[in-house]
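The values are calculated or read from the model by the stated rules, or taken from the named source; none is laboratory data. Note that the structure is predicted; figures quoted are calculated from it, not measured. Surface areas here come from the heavy atoms of the whole protein model, side chains and all, with no ligands, DNA or RNA. Shrake-Rupley method; radii C 1.70, N 1.55, O 1.52, S 1.80 Å.
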Amino acid sequence: MSQPSPRSVALAMTGASGAQYGLRLLQCLVEADVQVSLMLSRPAQVVIGMETDLSLPGRSREIERFFTERYQARDGQIRVYDREQWTAPVASGSSPPDAMVICPCTTATLSAVATGASRSLLERAADVVLKERRPLILVVRETPFSEVHLENMLRLARMGVTIMPANPAFYHHPQGVDDLVDFMVSRVLDHLRIPNALIRRWSTEQGPDE
């Protein structure tokens with residue numbers, strides 16, 4: 001029997017390039033009526049300002065309102081937590097989310113998760129998801145990968161973590177950056193078992209399945 005779609009997802013965005021991936025994923029999770037616990041590292045907020053036209057407010061509650069209004073989320077559907085908000089539900093194994101995605105994920109965050117560092121709420125939330133055997137997806141954004149990066153990815157993959165580098169395909173004939181972003185977000189949603197129609201799927205006439 002296949003696992004059901006998650007009702008709650010912890011979404012973490014770090015300072016890697018590719019803020020558009022995380023923002024689009026947040027929008028799609030809201031549209032799928034998923035409860036989202038959102039964690040933004042300080043570098044992530046800087047990168048969002050650099051790579052998009054968004055100007056996020058400084059406080060977590062203000063960011064919460066900002067995204068709730070932007071994506072027309074229901075009241076309380078998006079909860080934003082501070083870096084050291086240790087009372088957040090995602091910090092405890094007694095109330096873990098159904099799944100967690102770090103998108104985009106820096107190699108520094110990759111290393112912290114692989115070693116169980118738990119120096120911030122984001123890292124602690126990943127540690128909780130790991131120990132509670134919940135799905136964890138890392139959309140790693142770096143190139144090229146060093147031996148350290150590869151070893152950390154292999155270590156996590158052996159624990160059951162899905163390592164999904166931000167490597168969009170081109171067989172769906174993307175017409176712009178948005179189509180490339182949607183390809184990666186669609187793959188994340190697929191692994192979360194959330195139905196989506198963001199991209200044209202590969203067919204037997206088109207070529208092998210991704």
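Using a Gaussian network model of the chain in which every pair of alpha carbons under 10 angstrom is joined by a spring, one finds that among S186, S60, S94 the greatest mean-square fluctuation is at S94.
The residues of the chain present an accessible area of 51 Å² per residue when probed at 1.4 Å with all protein chains retained.
Put simply, the amide H of S8, placed in the peptide plane, has neighbours under 5 Å in Q35, D98, A99, leaving out anything fewer than 5 places away on its chain. Dividing the summed helix terms, -39500 (n - 2.57) for each DSSP H run of n ≥ 4, by the number of residues in the chain produces a 222 nm estimate of -12000 deg cm²/dmol to the nearest 500. Once backbone amide H atoms are built at 1.01 Å from N, R134 has no partners under 5 Å, excluding neighbours fewer than 5 places away on the same chain. Of the residues W86, W202, ranked by 1.4 Å probe accessible area with the largest first, the sequence reads W86, W202.
Shown for the stretch 101-140: the carbon plus sulfur share of the solvent-accessible area, taken with all protein chains present and a 1.4 angstrom probe, equals 42%. The HN-Hα couplings worked out from phi for the stretch 24-29 by the Karplus form 6.51 cos²θ - 1.76 cosθ + 1.60 (θ = phi - 60°) are 5, 5, 4, 4, 5, 5 Hz, whole numbers, x standing for Gly and Pro. Protein heavy-atom surface of the stretch 1-81, 1.4 angstrom probe: 44% of the accessible area is carbon and sulfur, with nucleic acids and ligands not counted. Of all the Cα-Cα pairs you can form in the chain, what percent are over 23 Å apart? Every Cα pair in the chain considered, those over 23 Å come to 43 percent.
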